[in-house]
C-alpha cells in the first residue's frame, strides 16, 4: 500500500520536474530569439539613439575645448605683465554678446521683402490664403537658418532664440512690437547660399510666390547691419 503511494509520489515529482523543464526551456528559447532577432524599426531606432548620443558627446567635447582655451587665456594673462584678467573677461563678454545676439553685427547677406498677394481669388481659395501669416514668416526664417544665417531681423527687430512671432490680420507682432506690410527680412551670411535656398523651387518662399501669388522680392547686400 505504502509502496504504491510512494511510486505515485515519485511519478508526480518526475512529471512535475519534466513539465517545469519544458517550460524553462521554452522560456529560454523565447529569450534567445528575441535577443537574436530585432525588427528593422528597432534597428533604426537604436541607430538614431546612437547618433543622438554621439552628437551630444561631440557637443560636450567642443564645450570642453572651449573652456580649456579660456583657461589658457587666463593663465597667459596671469603670466604676462602686458595682459590682465580683466581684459580677457571683457573680450569673452564681447564674444558672448555677439553669439547670443545682444551685440550689433554687420556683413554681407540678403534682404527679403514679403507682402500679401494681389491676385484674384481662384476656385477653392479664400482671402485668408492670400495673406502673409506668422507661420509663413517662421518657415522662411527656418530656411535661412538652415542656410547658415548668422543673424536675422524682421523690420529691424532682431530675431533671437526666444523671439515670438504672432499674426493678427494683415500685421505681424515680433517681440511685442506690431509691424504692417511689407515685412522686411534681413539675413547676414553667405549670400550665394542664402539666395540659393530661398530661390529654390522647393523652398517655402517659392511656394508662397508661385501658388498663392504672395510678393517675395530678394536682393543681395554687402553691408547689412543688424542691431
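Tabulated data
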| item | result |
| --- | --- |
| Verdict on residue 173 being more than 16 Å from residue 111 (Cβ to Cβ) and assigned to a strand (DSSP E or B) | yes |
| Boolean, residue 140 is touching a residue at least 40 places away in the same chain (Cβ under 8 Å) and either part of a helix (DSSP H, G or I) or more than 27 Å from residue 105 (Cα to Cα) (or both) | yes |
| Members of segment 189-227 found to be touching a residue at least 24 places away in the same chain (Cβ under 8 Å), within 17 Å of residue 142 (Cβ to Cβ) and either in contact with a helix residue (DSSP H, G or I) (Cβ under 7 Å, 6 or more places away or on another chain) or exposed (fewer than 13 other Cβ atoms within 10 Å of the Cβ) (or both), listed by number | 194, 196, 197, 198, 203, 204, 205, 208, 214, 216, 218 |
| The one condition in (1) out of contact with any helix residue (DSSP H, G or I) (no Cβ under 7 Å at 6 or more places or on another chain); (2) surrounded by 15 or more Cβ atoms within 10 Å (Cβ to Cβ); (3) under 30 Å from residue 127 (Cβ atoms) that residue 151 fails to fulfil | (3) |
| Candidates 98, 41, 34, 66 - the one that is modelled with pLDDT under 70 and within 30 Å of residue 153 (Cα to Cα) | 98 |
| Yes/no for residue 13 being in contact with a helix residue (DSSP H, G or I) (Cβ under 7 Å, 6 or more places away or on another chain), surrounded by 10 or more Cβ atoms within 10 Å (Cβ to Cβ), farther than 30 Å from residue 152 by Cα and modelled with pLDDT under 75 | no |
| Residue identified as outside the structural domain of residue 183 (by TED's automatic domain parsing) and surrounded by fewer than 19 Cβ atoms within 10 Å (Cβ to Cβ) among 96, 130, 138 | 96 |
| Residue 163 being assigned to a strand (DSSP E or B), over 25 Å from residue 121 (Cα atoms) and free of Cβ contacts under 8 Å to residues at least 60 places away in the same chain | no |
| Out of 119, 83, sole residue that is part of a loop (DSSP other than H, G, I, E, B), in contact (Cβ under 8 Å) with a residue 60 or more places away in the chain and surrounded by 11 or more Cβ atoms within 10 Å (Cβ to Cβ) | 119 |
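Here's the yes/no breakdown for (1) under 24 Å from the mean Cα position of the chain (by Cα); (2) outside any helix (DSSP H, G or I):
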position	(1), (2)
60	yes, no
88	no, no
112	yes, yes
132	yes, yes
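The values are calculated or read from the model by the stated rules, or taken from the named source; none is laboratory data. All values reported here derive from a predicted model rather than from experimental measurement. As a convention, Cβ positions derive from the backbone with ideal geometry for all residues, glycine included, and neighbour counts pool all protein chains shown.
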